[in-house]
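Here's the structure we're looking at; comments come further down.
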Amino acid sequence: MLLLMPVLLGHVYWLRKEAFLLEEDRYQQHVMFAVCEGEFEYEIDGQKGKAAFGDLICCPAGTLFRRTVHEPLTFHFFTIEWLAVQDRMISKDRFPSGKLTLHDHDRLASTYRYMAETGVRGSASPELYRSGLDHYLKDLWQQYVLEQQWSREMEGNAAVDGMMLEAAEYLRDHALGRLSIKSLAAQLGMTAVQLTRKFKAAYGETPMDYVIGLRMEKAAALLLGTTLPLVEIAEACGYESGFYFSRLFHSRKGMPPSVYRKMHQL
């Protein structure tokens, strides 16, 4: 359920920033970093991690925010306020803090592309620029909320058979390396056919299709967030053959990896 909605107060777009001016800061307003390219390490209220394409980093007002750039960073910096939907009372501890990850990279890349175009179109009209950015800020947040809802629904369906939750977790942890569906099935005390049938009933796709989806999302992130050649991206996603990887990517995304990179990179 959507309880909060962000409202844009300010925005700055940073291109290939190599370092933050301050390694730590406290903002007077809530801030959000939407990472388009590169990587940085952060610490917010005891939460530590790394952020790259697909991540939104939220820091509540007055909270110490430590950060270090690891790869030249392109990002949207928003100052925002949070409004409660339907006049609900929301305590401050419910405001987003730390890393929020978006998994639909196609939709995210499209949003970032439109944001860039809004900046060009709105250069002669500050009102158009501001209203457009506020719209896309809300779109980023709604994408995150919807993906969280879908994730909970998927886990709820899988809860009928707890072993399928275990299977999905195993596949997520090992998706980018060598894995055997037969070996996983044996660990769970069933045959590969039984695992495939139960997994598809819980998640709507076979275990191997689930793995391919995870690999393609990783590939999309590497295509957009790095300059790695396709053969290295294929290897990083668990494929020894660049040709086979490209064919799979094309079937999932509707275009070859090289075309996807050219169309979606900012």
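The values are calculated or read from the model by the stated rules, or taken from the named source; none is laboratory data. All figures in this text were calculated on a predicted structure; none of them were measured in a lab. Note: ideal-geometry Cβ built from the backbone for every residue, glycine included; neighbour counts use all protein chains shown. Each accessible area value is taken on the protein alone, full model and side chains, heavy atoms only, with ligands, DNA and RNA left out. Shrake-Rupley method; radii C 1.70, N 1.55, O 1.52, S 1.80 Å.
Give region 52-65 a look and list any residue that's within 19 Å of Leu223 (Cβ to Cβ) and either touching a Lys or Arg at 6+ places or on another chain (Cβ under 6 Å) or open to solvent by 20 Å² or more (accessible area, probe 1.4 Å) (or both), or say none.
Ala52, Phe53, Asp55
Scanning region 198-205 turns up no residue that is farther than 30 Å from Met263 by Cβ, in contact (Cβ under 8 Å) with a residue 60 or more places away in the chain and over 18 Å from the mean Cα position of the chain (by Cα). Can you tell me which residues in region 208-255 are among the aliphatic types (A, V, I, L, M) and in contact with a Gly (Cβ under 7 Å, 6 or more places away or on another chain)? Ala221, Leu230, Val231, Ala234, listed by residue number. Beta carbons closer than 8 Å, at least 6 apart along the sequence or on distinct chains, pair a first residue in region 124-146 that is within 16 Å of Leu83 (Cβ to Cβ) and part of a helix (DSSP H, G or I) with a second that is open to solvent by less than 40 Å² (accessible area, probe 1.4 Å) and of a type in the set (Gly, Ala, Ser) for Leu140/Ala34. How many of the residues making up region 166-186 are open to solvent by 40 Å² or more (accessible area, probe 1.4 Å) and either among the aromatic types (Phe, Trp, Tyr) or in contact (Cβ under 8 Å) with a residue 12 or more places away in the chain (or both)? Total satisfying the criteria: 6.
For region 42-70, give me each residue that is free of Cβ contacts under 8 Å to residues at least 40 places away in the same chain and over 16 Å from the mean Cα position of the chain (by Cα).
Glu43, Gly46, Lys48, Cys59, Pro60, Ala61, Gly62, Thr63, His70, listed by residue number.
Identify the residue in region 98-116 that is small (Gly, Ala, Ser) and over 16 Å from Ile57 (Cα atoms) and, among all such residues, is least open to solvent (accessible area, probe 1.4 Å). Selected residue: Ala109. Take the residues in region 197-211 that are open to solvent by less than 20 Å² (accessible area, probe 1.4 Å) and of a type outside the set (Gly, Ala, Ser); name whichever of them is farthest from Gly38 (Cα to Cα). The extreme case among them is Phe199. Annotation note: of Glu217, Glu240, Glu235, the sole residue that is of a type in the set (Asp, Glu) and at pLDDT below 90 is Glu217. Just one of the numbered conditions (1) at pLDDT 90 or above; (2) closer than 30 Å to Thr74 by Cα; (3) surrounded by fewer than 14 Cβ atoms within 10 Å (Cβ to Cβ); (4) of a type outside the set (Gly, Ala, Ser) is not true of Gln194: (2). With respect to Val145, determine if the residue is modelled with pLDDT under 85, within 30 Å of Met32 (Cα to Cα) and not basic (Lys, Arg). Here the answer is no, as Val145 does not meet what is asked.
The set of residues in region 242-259 being surrounded by 14 or more Cβ atoms within 10 Å (Cβ to Cβ) and in contact (Cβ under 8 Å) with a residue 12 or more places away in the chain consists of Gly242, Phe245, Ser246, Leu248, Phe249, Arg252, Lys253, Pro257. Select from region 4-44 the residues that are open to solvent by 60 Å² or more (accessible area, probe 1.4 Å), over 21 Å from Arg130 (Cα atoms) and in a strand (DSSP E or B) and list them in ascending order. Selection gives Arg16, Glu24, Arg26, Glu41.
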